[in-house]
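*Asks:* Below are the structure tokens for one structure; questions will follow.
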Amino acid sequence: VLADLRARWALAWMGGLLSAFCILLLLLLKKENLKGALRGRRALILYSPDHAGFERLVSTLACALTRLQLAVSVELWSRAELCAIGPMQWFHAQRLRVLQEGGTVVLLFSRGAVARCTEWLLWKQGQMLPRDDPYSAFSASLNCILPDFLAGKAGGRYLVACFEDLLRPADLPELFHSVPIFTLPSQLPTFLLALAGTAAGREQKSSLKKHSLWIGDSLQRAIRECQLQEPAGHCPA
């Protein structure tokens, strides 16, 4: 009888350990899933370097997305490579890779980006970009992506976003209204879902909604800092 009781206690003890191990494993997997809410997805962020404050704002957004394990390509982090091979080649290569892997190209608009896009659309065919143009990298990116918009092939591959305290969606060129437009940070949840793609499950959607809270707080702080460096006359009315 005593041996039988010992055997039962041993089985119960092993069962308890196994249950605890399974619970711990599930918690770890859930935590890892929350961290990697955008794992396996890729995005190329295009922006105009209006000033240092706006570049820090772009970096804040890009860093937040990488914390969700989104593979982010952004000119700000790749300037050595961009200088080595040239902006046109770099943007073409990044765009091709992102689209081949089913990712998304994000056009992050600012006042400077609107101005450069307007100028690009007015340039005569074959005209060279000014070599001393401080926005030459962004102008090169426009040469890579605007043909898709002009040909009506941007749907499902491109997203447009702007920071609501810095630019109004109504100020964007009409050409870019053919794809979804998100104002950040108020539309962060739907923006993150768009980056996740149509295969996102219920748990992933819930995770992204939670992440949008701390990302939104980070962006609000960066936006306030950016506004302090915004050139006079560049704030939306």
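The values are calculated or read from the model by the stated rules, or taken from the named source; none is laboratory data. Predicted model only: the values in this text are computed from it and were never measured. Every residue, glycine as well, gets a Cβ built from its backbone with ideal geometry; the counts of neighbours run over all protein chains shown.
*Asks:* Among (1) modelled with pLDDT of 95 or more; (2) surrounded by fewer than 17 Cβ atoms within 10 Å (Cβ to Cβ), which single condition is His234 missing?
*Replies:* The one condition His234 does not meet is (1).
*Asks:* Looking only at the range 59-107, count how many residues are β-branched (Val, Ile, Thr) and within 12 Å of Ala140 (Cβ to Cβ).
*Replies:* Matching residues across the range 59-107 total 1.
*Asks:* Here are Ser212, Ser207: which of them is at pLDDT below 95 and small (Gly, Ala, Ser)?
*Replies:* Answer to the selection: Ser207.
*Asks:* Something else about it: Could you go through the range 64-82 and let me know if any residue there is of a type in the set (Phe, Trp, Tyr) and modelled with pLDDT under 90.
*Replies:* No, every residue in the range 64-82 fails to be of a type in the set (Phe, Trp, Tyr) and modelled with pLDDT under 90.
*Asks:* Continuing with this model, one more query. In this structure, is Gly112 surrounded by 14 or more Cβ atoms within 10 Å (Cβ to Cβ), at pLDDT below 95 and small (Gly, Ala, Ser)?
*Replies:* Yes; evaluated as a whole, the condition is true for this residue.
*Asks:* Here is a follow-up. If you scan the range 82-109, which residues turn out to be within 22 Å of His51 (Cα to Cα) and surrounded by fewer than 14 Cβ atoms within 10 Å (Cβ to Cβ)?
*Replies:* Cys83, Gly86
*Asks:* Quick one: what pairs do we get from the range 162-182, first residue closer than 23 Å to Asp217 by Cβ, second of a type in the set (A, V, I, L, M, F, W, C) and in a loop (DSSP other than H, G, I, E, B), C-beta under 9 Å, 6+ apart or different chains?
*Replies:* Qualifying pairs under 9 Å: Cys162/Leu172; Asp165/Cys235; Leu166/Cys235; Arg168/Ala237; Ile181/Leu172.
*Asks:* Moving on. Is it fair to say Leu167 is modelled with pLDDT of 95 or more and more than 17 Å from the chain's Cα centre (by Cα)?
*Replies:* yes
*Asks:* Do we have Leu175 as assigned to a helix (DSSP H, G or I) and in contact with a Gly (Cβ under 9 Å, 6 or more places away or on another chain) here?
*Replies:* Working: assigned to a helix (DSSP H, G or I): yes; in contact with a Gly (Cβ under 9 Å, 6 or more places away or on another chain): no.
For Leu175, the condition - assigned to a helix (DSSP H, G or I) and in contact with a Gly (Cβ under 9 Å, 6 or more places away or on another chain) - is not met.
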